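*Asks:* Before anything else, here's the structure in question.
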Amino acid sequence: MSDGLLQTRAMFAPETINVEERTVELVWSTGAQVRRASWSRGDYIEELSMAPGAVRMERLNKGAPLLDAHDSFSLRSQIGVVQRAWLDGNQGRALVKFSRRDDVEPIFQDVQDGIYRNVSVGYKVHKTERDETGAVPVERAVDWEPYELSLVPIPADAGAQVRSEEPPATQPEKERSMTLPVDGVQAPEPTTQETVTRAAAPVAPAAPVVNADEVRAEERRRTAGILDAARKLKVGDELAHQLIADGVSLDEARLQLIDAKAQDEQRTPAQSRVEVTKDHGQKRFDAKLEHLKFRSNLGDMTDAAREYRGSTLLDMARESLDLAGISHRGMDKSEIAVRAMHSTSDFPLLMASIQRVTLKAAYAEEQQTWRPLAEQRNLPDFREMKEIEVGGQMLPEEIKEGGEYKTGTIQEQQGSWSLTEYGKKLVIGRRLIINDNLGYITRAVQVLARGVATFEANQMWGLITGNAKCMSDGLALFHASHNNTGTGVIGETAISAARQAMRNQKDFTGKNPLYVVPQYILLPTTLETAFDKFNATITPNQTSSVNIFSGYLQKIVEPRLDASSTAQFYITGNYPGVTKLIYGYLEGEAGPTIESEIKRDPDGIVTYLRHDFGCAIGQHQGFYRSTGA
């Protein structure tokens with residue numbers, strides 16, 4: 001998968017131009033295989049899958065721009081728009097429309113005259129499949145996305161051509177020849193000699209006009225490129241001069257120089273140990289993130305972050321553009337903010353990272369009074385999860401001489417629960433970047449985190465106050481058959497009755513005692529003082545005044561209980577195998593997660609908060625409710 005924006009070249013011809021509508025059709029890809037070279041992966045062949053499910057067409061069909069040679073830094077560089085794009089078999093086709101601006105008119109006229117014929121398609125690869133069965137590995141892009149089309153001087157796709165008025169099988173030989181192989185930014189451009197070999201037409205309509213100045217300029221670029229590659233690779237000048245004299249193309253020369261360097265290193269292996277460390281860009285990113293954490297009171301001022309003391313968000317946006325090789329000279333503050341958010345720089349990732357750190361910290365700080373009563377069980381997906389409860393009579397029995405082992409009776413019952421997906425979004429606009437309003441951004445994320453914690457608490461306490469059904473038997477938590485309700489205000493009589501009822505709880509077979517031990521008392525805020533008085537440790541003058549339950553129960557005070565009843569209180573207990581509350585998240589995401597996406601409307605970074613959460617009541621035996629009166 002590629003993180004960068006790639007380019008593949010196609011072409012159009014004046015035969016399909018509609019002058020009044022200022023439109024022309026083109027073939028922008030045929031998925032042709034192209035041999036490439038990479039420092040990290042070596043030689044390989046790239047192939048773009050043209051299967052309908054492999055190409056994301058949304059951007060092209062939502063008014064993707066037609067640019068001047070991939071220049072996306074200025075609105076003046078957009079010379080047209082993609083009106084419609086579609087897949088036709090193994091071909092990608094598009095109808096583009098040119099602007100009526102005065103500065104575009106000469107370009108459109110050259111298109112009509114057949115001077116400009118070639119189109120480059122900017123795209124991004126999301127997923128590839130690598131096939132290493134052949135002599136040269138094949139990397140097939142099975143999920144890729146065209147971003148924009150550009151008018152360029154050099155064609156490359158060997159199967160791309162203009163859509164003519166006739167079917168492909170009967171196209172004139174002249175049109176079939178006006179194509180070149182697919183190319184990408186990570187692969188070298190084909191040389192003039194290679195292009196002629198691949199695209200030579202049996203019948204040329206006219207002899208091309210040779211511009212001597214362009215030929216000389218191209219030769220100077222080839223020579224300088226070969227010498228520069230030799231210098232960077234530290235390969236002797238003798239090989240470089242030989243490649244220049246032999247007329248070897250720049251791309252082929254680079255490959256030969258790389259091979260020569262590799263062979264030289266094999267003959268003289270380095271004696272020093274080389275360790276891979278973080279590159280410069282990653283170090284700068286980490287330092288900026290540490291500074292933002294310090295500004296948000298989420299971390300200390302580290303030595304790396306100290307370099308950015310006094311830096312604003314706009315300053316970081318400028319540096320991100322610099323590190324990405326994007327010039328911001330002449331841009332105002334608004335343009336810098338928008339460019340940083342809508343580029344391949346690390347600025348959008350920086351904003352997403354500080355939000356994730358803030359979310360995690362704020363979510364962890366929220367008090368969750370229900371957690372001591374619950375057991376976490378994360379689920380692998382959103383399907384219903386079956387929970388099985390096992391019970392039965394398994395008491396050992398005497399085996400008399402010559403007797404047999406008797407079979408025990410085991411029973412089981414099951415219930416189910418599942419996860420539900422929840423979400424919210426937050427927009428970080430360019431104004432917040434310009435105003436250096438980091439505090440607003442982090443506070444907004446903190447509100448999101450508190451919202452998630454509040455949502456979870458509402459769900460969990462709602463199971464108790466709403467008398468939800470138990471997963472084990474499908475009956476309400478406080479049901480007459482569960483023997484877990486009583487009366488009385490907080491005092492020795494009510495607590496004693498609760499303890500006795502919980503001690504006598506049995507498993508679902510009704511035969512085996514569980515001996516549940518009371519542990520927590522759940523109180524609305526209105527009963528906290530009354531319980532504190534009852535629970536206080538005192539030294540009585542006589543036995544009848546002893547409070548045997550002093551310090552017996554741990555209190556959990558929850559305001560959500562007040563909304564249900566200001567008099568009722570609950571007692572919960574423990575016993576091995578008895579589950580009170582169950583909650584869980586999607587495996588690998590234990591809590592809320594954040595994802596960010598660059599948007600044009602609204603103009604900024606849109607943050608999506610996703611929370612996959614589920615909860616249920618396991619068994620009733622660990623709960624007791626008193627009316628409090």
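*Asks:* Taking the conditions exactly as written (within 30 Å of Cys470 (Cα to Cα), crowded, with 20+ Cβ neighbours inside 10 Å and at pLDDT below 90), does Gly591 satisfy them or not?
*Replies:* No; evaluated as a whole, the condition is false for this residue.
*Asks:* While we're here: For Thr539, which of the numbered conditions (1) more than 27 Å from Ala629 (Cβ to Cβ); (2) crowded, with 19+ Cβ neighbours inside 10 Å; (3) over 46 Å from the mean Cα position of the chain (by Cα) fails to hold?
*Replies:* (2)
*Asks:* Then there is this: Which strands (runs of 3 or more DSSP E) sit wholly inside the stretch 551-629 and have at least 1 residues that are among the hydroxyl-bearing types (Ser, Thr, Tyr) and more than 30 Å from Pro513 (Cα to Cα)?
*Replies:* Answer list for the stretch 551-629: 581-585, 593-600, 603-617.
*Asks:* Moving on to the next point. Could you check how many residues of the stretch 485-508 are in a loop (DSSP other than H, G, I, E, B), among the polar types (S, T, N, Q) and either surrounded by 15 or more Cβ atoms within 10 Å (Cβ to Cβ) or not assigned by TED's automatic domain parsing to the domain that holds Trp461 (or both)?
*Replies:* Of the residues in the stretch 485-508, 1 are in a loop (DSSP other than H, G, I, E, B), among the polar types (S, T, N, Q) and either surrounded by 15 or more Cβ atoms within 10 Å (Cβ to Cβ) or not assigned by TED's automatic domain parsing to the domain that holds Trp461 (or both).
*Asks:* Which of the residues spanning the stretch 353-385 are of a type in the set (A, V, I, L, M, F, W, C), assigned to a loop (DSSP other than H, G, I, E, B) and in contact with a helix residue (DSSP H, G or I) (Cβ under 8 Å, 6 or more places away or on another chain)?
*Replies:* Listed by number, the list holds a single entry, Trp370.
*Asks:* Taking the stretch 353-385, which residues are surrounded by fewer than 19 Cβ atoms within 10 Å (Cβ to Cβ) and among the aromatic types (Phe, Trp, Tyr)?
*Replies:* Phe382
*Asks:* Sticking with this structure for a sec: Across the stretch 470-484, which residue is nearest to the chain's Cα centre (by Cα) among those that are buried (at least 17 other Cβ atoms within 10 Å of the Cβ) and not in a loop (DSSP other than H, G, I, E, B)?
*Replies:* Among those that are buried (at least 17 other Cβ atoms within 10 Å of the Cβ) and not in a loop (DSSP other than H, G, I, E, B), it is Cys470.
*Asks:* I'm trying to understand the selection: among the residues of the stretch 21-35, which are under 35 Å from the mean Cα position of the chain (by Cα) and not aromatic (Phe, Trp, Tyr)?
*Replies:* Leu26, Val27, Ser29, Thr30, Gly31, Ala32, Gln33, Val34, Arg35
*Asks:* So the check is Cβ under 9 Å with 6+ separation or different chains; which pairs have a first residue in the stretch 437-461 that's within 15 Å of Arg356 (Cα to Cα) and a second one that's of a type in the set (Lys, Arg) and part of a helix (DSSP H, G or I)?
*Replies:* Leu438/Arg295; Gly439/Arg295; Thr442/Arg295; Val445/Arg356; Ala449/Lys360
The values are calculated or read from the model by the stated rules, or taken from the named source; none is laboratory data. Quantities reported herein were computed from a predicted structural model and do not represent experimental measurements. All Cβ positions, even for glycine, are placed from backbone atoms using ideal geometry, and neighbour counts span all protein chains on display.
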